Every structure is written in structure tokens, then in C-alpha cells.
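Chemist: One structure coming up, written as C-alpha cells, with questions to follow.
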Amino acid sequence: MVPHLVTALTGPINELEQRVLDSMPAIERWFRLEWMEHTPPFYSSVDIRNAGFKLAPVDTNLYPNGWNNLTKETLPLAVQAAQAAIEKICPEARNLLVIPENHTANTFYLANVAQLVRIFQMAGLNVRVGSIDPAIKSPKKIELPHGETVCLEPVVRSRRRLGLKNFDPCTILLNNDLSAGTPGILEDLYEQYLLPPLHAGWSVRRKSKHFRSYEDLSKRFGKLLGIDPWLIHPMFSHAEGVNLAEGKGLDELATHCDALLTKIRRKYKEYGINEKPFVIVKPENGTNGVGVVTVRDVKDLQALASKPRGGRGGRDLAPSLVDEVIVQEGVLTRERVHDGVAEPVVYMMDRYVVGGFYRVHAGRDPDESLDTPGASYVPLAFSESVHLPQPGAKPGASAPNRFYMYGVVGRLAMVAAAYELEATDPEAEVYA
């Protein structure tokens, strides 16, 4: 069930892993204290890269899809976490309405919706799927490849509530990342719980704000463990007025890339790492790997701008790579599954790790984004690994060590998301 991984795990990550295992009681207490003060996102997924010498999150999604990639063995974990999350928010909850994305023809995405419905039904709720797509004017049943069906029903909006014909939910679960903006039909729902809140969508979120929160946390966490926070944190900077497809803002972007590449070289020299540094340029908002570009040298930028369609590196360019971008330290991946380059993706609900998978891409290099067409997904069971790390085992000797480490980094990114949502909450109380 768990694929054999060929990993190049050199010194520092092994020391880091051992430090994490030895510090497990302190780490779990640290997380408990954080959750006493802060509310975790309702659900989240975190893309992690394991370079062998460092292990860091590179993206955090607050409207995760891909739940269909988790194994059935992890389903009980997700159901328990869903019960805990709903109980905390709305103990009397009976009806749950799931709002999916609007591209209804994508059966792979709809299989993810079907899995979410299953999880919340098993958690004891009546669950229906309501579409905000104007094209859905009557219930539409869609057959999925594995014999499942999803029924999309048109939503009905009253003055203060959202529901379906003859179905009035107290809780609405969004599985739509709002990258196209916030539809008015979802605003001013004062009598229902909307999870996650609208300001968790990409119309409001910025990746640099998330990683600024993560950077602060990694410093505190690093102090707890007595480690350099760089080992778990990707350095980054933020640039505005950039449009690679039109060649705008290239000078400013080149300055940011050059400064970050210099910082990475300095760190590589400090740790004796013999790898070529690179940075990743991607839109500040948005998901699904669109517009992600690997830059190994600032000269690459001019070449990328001159061929925004096709070609190595440039194949990822899209018109969405406009205005605000995050320039992020590139983290190599040394993970391999079936001869393909791989990266773990950790799934969480409330404060709990409930599973994950490896995103695998045979056609990509270790310094490129794997979230592109052609990627495949290998399920990963976290059930033993989250609860039963083996403190006595040598680092790298047993699978649970590695998976506990992924769970720790994933939860750290989740705490950062909690801080980020508090900072961007339009209804937060302001104390003078």
C-alpha cells in the first residue's frame, strides 16, 4: 500500500528528523497550545517538498480537492475529524450543503465531491450538493467512472439563507476556491455557517501573507527544537506589476530572483550542499499549478518572456501570471515513486492529519512543479504514521518516521493558515 521510496536523505534532514522524533511530546504540546488560542481552517491540504537536506511546505490549499485520492483505510480518520469539526462549529447540525466548483464535466473532480459527501454522511449528516453554476437549472445526475453518481442541484437563495428546494442546511461547505472572485449569492449569509469563510478564497488570499505567517511560526518552532528554521521554511519575496506573458516588470522580477538566488547560495554554502539553486515564480493568488515557472538564472526570465507558450519552463506560463507574484525558494524533491519524481501532499480536517498521497510526474525534473497535466496520484496511508511514530528507530529506517515528519510540517502550515485567516478576517473585532 505504501510505495517504496528511493530517497537521497543526507545528513541534516536525518538529524532534523531525529530531533523531531525526540521532541515529540514537546511538539504535540506546542500544537495543543496553539489550538487553544487559534481556530484551525475547516480543512486544508499542504504540498511538501523533501530535498534531503530540507523539508518544507510550498503551497497550502484551504479548499482542497482530491479527496478521492486518499485510501479507504484513512476514511475513518476523516470521518472522526469531520465529526469533531462539525460538533465544534454547529453541534445541532443536521443538514450540510456542499458547494462544488462550476466545471461540472470534470469527473475526476466530481469523484472528489462524492468522497466529501461520503465522509460527511458517515459523520451523521444529511448531505446534498448544490451548484451555483447558472447553467444548472434542474437536478443533474452525473455518472462517475467507478459506478458512483453525483447529483448537482440548483441552489435557492432567500434573503438571508442558501439552500435547495425542500432542503434547508444549517452548514454550507465550500469546495470552490473562489479564484474567479466571490459570487454575490454566497455573501451576507448571516444565519448559516459558511465553511471555510469567504476570505479564505483566492479573491482575498495572497501566498506571501501565508508564508509570512509560516516564516514567523518556523522561527518559533525552530527555537523549540533548537534548529535553523530554514530547514523547514522556503525563503520568498513578493513582486508587483509583473506580467511575464507580456514582458512587463521583468527588471523588478529579475532583482527579486537574483537577491533570493544569492541568499540560497549562501545557505547551500553554509550547509555544504552541492546543488544548483533555483527559484519558483508563481501567481500570488490561484491554484492548480497554473503559471508556475522555474528560474535557475535571471537570464532565464528574458527567454521565458519571449516564448510564453511551449518550450521548457515556458510551457507553464499563462495569462494569469499577472501583476502580483511570489518568488519562492525552490525546494528540490528527492522522492521517487515508480521512477517518477514525487512530492507528498498532506490532507487535514480541523486540527487532524487524515491522510495524503504522492503527486507523481514522470515527465518533470526534481526542480519543477509537479502540479501539471500528466501528474498521477499514489495514495498514502497516514493512519499508523501519524499516531505511531517510532522514537527508538534510526532516522530514515522506518516509514512512520518520515510520515510523522510530513504531518508535523503539514500541521505547521495549517497553524500559519489559521493566523493568516485571523489577519484577513473582515469581521474581526478590532481592539483599540
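Chemist: Could you provide, to the nearest whole Å², the per residue accessible area of the chain with probe 1.4 Å?
Modeler: So the chain comes to 43 Å² accessible per residue, rounded to a whole number.
Chemist: Work out how much length ILE89 to ALA428 would gain on full extension: take 0.36 nm times their residue separation and subtract the Cα-Cα distance, in nm to one decimal.
Modeler: Extra length from ILE89 to ALA428 when fully extended: 120.3 nm.
Chemist: What are the ³J(HN,Hα) values, in whole Hz, obtained from phi via the Karplus relation 6.51 cos²θ - 1.76 cosθ + 1.60 with θ = phi - 60°, for each residue of the stretch 361-368 in sequence order, with x given for Gly and Pro?
Modeler: After applying 6.51 cos²θ - 1.76 cosθ + 1.60, I find 9, 6, x, 10, 8, x, 9, 10 Hz.
Chemist: At 7 Å along the Cα-to-beta-carbon direction for both LYS219 and ALA135, put a label point, then send me their distance in nm to one decimal.
Modeler: 4.8
Chemist: Looking at the chain, do any whole DSSP H helices span at least 18 angstrom along their long axis by alpha carbon and average 0.0 or above on Kyte-Doolittle, and which?
Modeler: The qualifying helices are 75-89, 107-122, 399-424.
Chemist: Can I ask one more? Could you give the distance between the Cα centres of the stretch 137-214 and the stretch 55-112, to the whole Å?
Modeler: 12
Chemist: Still on this structure, please answer the following. For the residue pair HIS38 and GLU191, what label-to-label distance in nm results when each label sits 7 Å from Cα along the Cα-to-beta-carbon direction?
Modeler: 3.5
Chemist: Oh, and also: Long-range amide H contacts for PHE236: which residues qualify at under 5 Å (H placed 1.01 Å from N, peptide plane, sequence gap of 5 or more or a different chain)?
Modeler: It is GLU329, by chain and number.
Chemist: Sticking with the crude label model, points 7 Å out along Cα→Cβ, report the distance from THR182 to LEU198 in nm, one decimal please.
Modeler: 0.4
Chemist: How far, in nm, would the chain grow between PHE108 and ALA259 when pulled straight, counting 0.36 nm per residue and subtracting the alpha carbon separation?
Modeler: Gain on stretching PHE108 to ALA259: 50.3 nm.
Chemist: Quick one: Karplus J couplings for the stretch 275-284, per residue in order, coefficients 6.51, -1.76, 1.60, θ = phi - 60°, nearest Hz, x for Gly and Pro?
Modeler: 10, 7, x, 8, 10, 10, 9, 8, x, 5
Chemist: Here's another thing I want to ask about it. Multiplying the sequence separation of LYS165 and GLU246 by 0.36 nm and subtracting their Cα-Cα distance, what value in nm do you get?
Modeler: 24.5 nm
Chemist: Which is farthest toward the positive dipole end of the chain among SER23, TYR214, SER237, measuring Cα position about the Cα centre, with Cβ charges +1 (Lys, Arg) and -1 (Asp, Glu)?
Modeler: With unit charges placed on the Cβ atoms, the residue in question is SER23.
Chemist: Suppose R0 equals 30 Å. What FRET efficiency, 1/(1 + (r/R0)^6) with r the Cβ-Cβ distance, do GLN80 and ALA362 give to the nearest 0.05?
Modeler: 0.25
Chemist: Can I ask one more? Just to confirm my numbers, what's the Cα centroid distance between the stretch 18-35 and the stretch 357-374 in Å?
Modeler: 31
Chemist: A further question on this structure: Can you give the accessible area of ASP228, probe radius 1.4 Å, in Å² rounded to 10?
Modeler: 40
Chemist: If ligands, DNA and RNA are left out, what is the accessible area of ARG220 with a 1.4 Å probe, given in Å² to the nearest 10?
Modeler: Rounded to the nearest 10, the figure is 100 Å².
The values are calculated or read from the model by the stated rules, or taken from the named source; none is laboratory data. Note that the coordinates shown come from a computational prediction; the quantities given were computed from them, not determined experimentally. Here Cβ is always computed from backbone atoms with ideal geometry, including for glycine, and neighbour counts include all displayed protein chains. With ligands, DNA and RNA removed, areas are computed over all heavy atoms of the protein, side chains included. Shrake-Rupley method; radii C 1.70, N 1.55, O 1.52, S 1.80 Å.
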